[in-house]
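In what follows, a structure is listed as structure tokens, so that the remarks can point back to it.
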Amino acid sequence: SQQGEEDPQALSIQEGENATMNCSYKTSINNLQWYRQNSGRGLVHLILIRSNEREKHSGRLRVTLDTSKKSSSLLITASRAADTASYFCATVPPMEYGNKLVFGAGTILRVKS
Amino acid sequence: DGGITQSPKYLFRKEGQNVTLSCEQNLNHDAMYWYRQDPGQGLRLIYYSQIVNDFQKGDIAEGYSVSREKKESFPLTVTSAQKNPTAFYLCASRNRQDTQYFGPGTRLTVL
């Protein structure tokens, strides 16, 4: 079952602009993660934010988490053509045997040069 | 050079045939996972293993089987009971900080 839902489904921006993707989820979580997938490839881990954290940065990436609203956002600043990919949020529910990730359907980002 | 490898990259299956997808990791991770991805969708969990000689069904295990005889290896067999096996299959392992590392995937097509 899918826990997270990304919004928008697709996003097209110009190089240099910022890209914001949102993720909503249904149950409580232990942590939330963002992954990137280039077409036809495996997923690459971008950032993990724990339930007791509100914001996290990694290079041009900024992730926020609002557990009261059960939502997260991923901001990519100063986007580049190489950022073109699908972006997925995934949650780990607490007390979940196996620390299984539950993925959303993803946001397709296209950065035009 | 540490990481996860999957083979083959492309696989074609005839009706009624069982096929096995390989997944190997040298990251020394205990936990490994198999996911299925259909076009335009997220990943769905097929099977996972927390430790050698132990594995559990995920959300869509019907028609699939796995084994975990070695820490490094977690092969997935797609059996003839899986009626719609055409998909992209991804293997992953997990570190102690909960981050999952993915292989490059195997694209399976039914002829």
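The values are calculated or read from the model by the stated rules, or taken from the named source; none is laboratory data. Computed from a predicted model, the values in this text were never measured in an experiment. With ideal geometry, Cβ positions are generated from the backbone for all residues, glycine too; neighbour counts draw on all protein chains shown. Areas reflect the complete protein model, heavy atoms only, side chains present, ligands, DNA and RNA absent. Shrake-Rupley method; radii C 1.70, N 1.55, O 1.52, S 1.80 Å.
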Checklist entry - So for B:SER73, A:SER28, what's the accessible-area order with a 1.4 Å probe, most first? => result A:SER28, B:SER73
Item to check | Debye log10 I(q)/I(0) for chain B, one point scatterer per Cα, at q = 0.18 Å⁻¹ | outcome: -0.83
Item to check | A:GLU17 versus B:ASN53: modelled label distance in nm, points set 7 Å from Cα along the beta carbon direction | outcome: 5.7 nm
Checklist entry - Alpha carbon centre of region A:44-113 versus region B:8-48: separation in Å? => result 23 Å
Checklist entry - Per-residue accessible area for B:LYS57 at 1.4 Å probe radius, Å² rounded to 10? => result 140 Å²
Checklist entry - Which value, in Å² rounded to 10, gives the accessible area of B:LYS71 with a 1.4 Å probe and all protein chains present? => result 60 Å²
Checklist entry - For region A:34-92, what's the radius of gyration and Dmax over Cα atoms, in angstrom? => result 12.0, 35
Checklist entry - If you keep only loop residues by DSSP, which GluC sites (Glu not before Pro) in region B:22-103 have at most 11 other Cβ atoms within 10 Å of their Cβ? => result B:GLU62, B:GLU69
Checklist outcome for this item: Shape descriptor, the protein assembly as shown: equivalent ellipsoid semi-axes (Cα gyration tensor, sqrt 5λ, whole Å, largest first) stand at 29, 20, 16
Item to check | Number of partner chain Cβ atoms within 10 Å, mean per residue of B:94-100 | outcome: 5
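First obtain the Kirkwood hydrodynamic radius of chain A from its Cα pairs, then insert it into the Stokes-Einstein equation at 37 °C and 0.692 mPa s, and state the resulting D in µm² per second as a whole number. List each step's numbers first, then the result.
Details: Rh = 14.0 Å.
Approximately 234 µm²/s, per Stokes-Einstein.
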Item to check | Surface/4 of the Cα convex hull for region A:1-63, nm² | outcome: 5.5 nm²
Checklist entry - In peptide B:29-42, how many Cβ atoms from other protein chains are near each Cβ within 10 Å, on average? => result 3
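Once you've got the Cα coordinates, tell me which of A:LYS56/B:LYS57; B:LYS9/B:LYS57; A:LYS26/A:LYS56 are over 29 Å apart.
Listed pairs above 29 Å: A:LYS56/B:LYS57.
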